[in-house]
1. It is to be established whether one or more residues within the stretch 156-170 are crowded, with 22+ Cβ neighbours inside 10 Å, touching a strand residue (DSSP E or B) at 6+ places or on another chain (Cβ under 8 Å) and part of a loop (DSSP other than H, G, I, E, B).
2. Which of the residues that make up the stretch 196-211 are surrounded by fewer than 24 Cβ atoms within 10 Å (Cβ to Cβ) and either closer than 21 Å to residue 381 by Cα or at pLDDT 95 or above (or both)?
3. Can you name every residue in the stretch 52-76 that is in a helix (DSSP H, G or I) and free of Cβ contacts under 8 Å to residues at least 40 places away in the same chain?
4. Give the residue, chosen from 303, 259, that is modelled with pLDDT under 90 and surrounded by 11 or more Cβ atoms within 10 Å (Cβ to Cβ).
5. Evaluate the stretch 8-24: report whether one residue or more is touching a helix residue (DSSP H, G or I) at 6+ places or on another chain (Cβ under 8 Å), outside any helix (DSSP H, G or I) and within 24 Å of residue 130 (Cα to Cα).
6. Of all residues in the stretch 311-348, which are in a helix (DSSP H, G or I), farther than 17 Å from residue 90 by Cα and in contact (Cβ under 8 Å) with a residue 12 or more places away in the chain?
7. What do you reckon, is residue 347 under 26 Å from residue 296 (Cβ atoms), modelled with pLDDT of 95 or more, crowded, with 24+ Cβ neighbours inside 10 Å and in contact with a helix residue (DSSP H, G or I) (Cβ under 8 Å, 6 or more places away or on another chain)?
């Protein structure tokens, strides 16, 4: 009996170890093999020790998100008949959708049957990963003398790898959401304030527009969720309006192009041109970043207005080749990018209107599940729910400007969704029925 106890204790510890390796390696570049091996070993251990507790009846509890993933997968496989690169499409759907969704199901089963004390250990591991990588991100900024000319991306996609930091920005907003949640609900305010300060410095060093927009999404939501006084709300709205007006007036002094809000009328004027004609952006005193995106986005909308249903081929890197095949010369963007730099338009282009609606539905399910978990009577679980809710808002902001739902960030999405679904549907859960049960 003593031997069996040690044996099961060893297996539990191995699960923690592989989970830690997997989670801590996600926001790190060039370690895909480590991610794959650790995820596989964790999954095998969970299945080997827990499968007897699983049933199809329990799986039906999450039939809504599963149906949405099924629609995405089905449309992606149908797109094999239309894609210009069958191997790329097959790889994207198998690794990006099927494999990740299967891992999400394993996590759902695992956390639904896991004791609360063990669930909390996994949550602490998740929070620790967010904090550690925020600190690492600041260290990379310190290495260049806190120079704003360098955009950091931790160990994932910053100046170290000649990247823009947009992908790491997703992790930065999750950390920011975690810090706000800890500050709101946990008693140890000193640690929460320190975490918040670290996350803010990490966001500033990241210095990407998508990350800042994600922070705005989070702060706006915090405002409506946690502030109850109408007087404070009115005063806050007035202050925000003054800030926006003031920033608009001085933004051209802060940045000639990147954060210059006075250029908005020029962007609106540019949008009247065809995607090809937008190449004249420099004549309007604009730099390439925003015009390139506008040209790509408009090319997608032009095509889908004529053909809203038929898939073109699932895959984040197929847009550039495919749009040149499908659109006329004038409606092909002047910029030569393989990605559309907007995951929602990317889904619309590759899988049609039904794929876009399913993708939006998946995100609604994610946010809804996180809110349900945030109503839990246990403080730590409540913090976890709000953390992934706020992080999800930041993720959505990043997806409006990039194609990241296939990278390690998508793995973060499936991981947190699986955990949240398991916690919410856990038998005998401590969720407050008044808020979460229909």
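The values are calculated or read from the model by the stated rules, or taken from the named source; none is laboratory data. Model, not experiment: these values are computed from the prediction. Neighbour counts are summed over all protein chains in view; Cβ atoms, including those assigned to glycine, are modelled from backbone coordinates with ideal geometry.
1. Within the stretch 156-170 (the criterion being crowded, with 22+ Cβ neighbours inside 10 Å, touching a strand residue (DSSP E or B) at 6+ places or on another chain (Cβ under 8 Å) and part of a loop (DSSP other than H, G, I, E, B)), the answer is yes, since at least one residue qualifies.
2. Answer for the stretch 196-211, where residues must be surrounded by fewer than 24 Cβ atoms within 10 Å (Cβ to Cβ) and either closer than 21 Å to residue 381 by Cα or at pLDDT 95 or above (or both): 196, 197, 198, 200, 201, 203, 204.
3. Scanning the stretch 52-76 gives 52, 56, 57, 60, 63, 66, 67, 70, 73, 74.
4. Working: 303 fails: modelled with pLDDT under 90.
Being modelled with pLDDT under 90 and surrounded by 11 or more Cβ atoms within 10 Å (Cβ to Cβ) holds for just one of 303, 259, which is 259.
5. There is no residue in the stretch 8-24 that is touching a helix residue (DSSP H, G or I) at 6+ places or on another chain (Cβ under 8 Å), outside any helix (DSSP H, G or I) and within 24 Å of residue 130 (Cα to Cα).
6. So the first thing to find is which residues in the stretch 311-348 are in a helix (DSSP H, G or I), and the list is 319-326, 329-331, 343-348.
Imposing the further condition that a residue be farther than 17 Å from residue 90 by Cα reduces the set to 320, 323-326, 329-331, 343-345, 348.
Within the stretch 311-348, 320, 323, 325, 326, 329, 330, 331, 343, 344, 345, 348 meet the criteria.
7. Values: under 26 Å from residue 296 (Cβ atoms): yes; modelled with pLDDT of 95 or more: yes; crowded, with 24+ Cβ neighbours inside 10 Å: yes; in contact with a helix residue (DSSP H, G or I) (Cβ under 8 Å, 6 or more places away or on another chain): yes.
Considered against the rule, which asks whether it is under 26 Å from residue 296 (Cβ atoms), modelled with pLDDT of 95 or more, crowded, with 24+ Cβ neighbours inside 10 Å and in contact with a helix residue (DSSP H, G or I) (Cβ under 8 Å, 6 or more places away or on another chain), residue 347 comes out as yes.
Yes/no matrix, rows are residues, columns are (1) part of a helix (DSSP H, G or I); (2) at pLDDT 95 or above; (3) within 22 Å of residue 59 (Cα to Cα):
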site	(1), (2), (3)
369	yes, yes, yes
380	yes, yes, no
387	yes, yes, no
392	yes, yes, no
422	yes, yes, yes
426	no, no, yes
434	yes, no, no
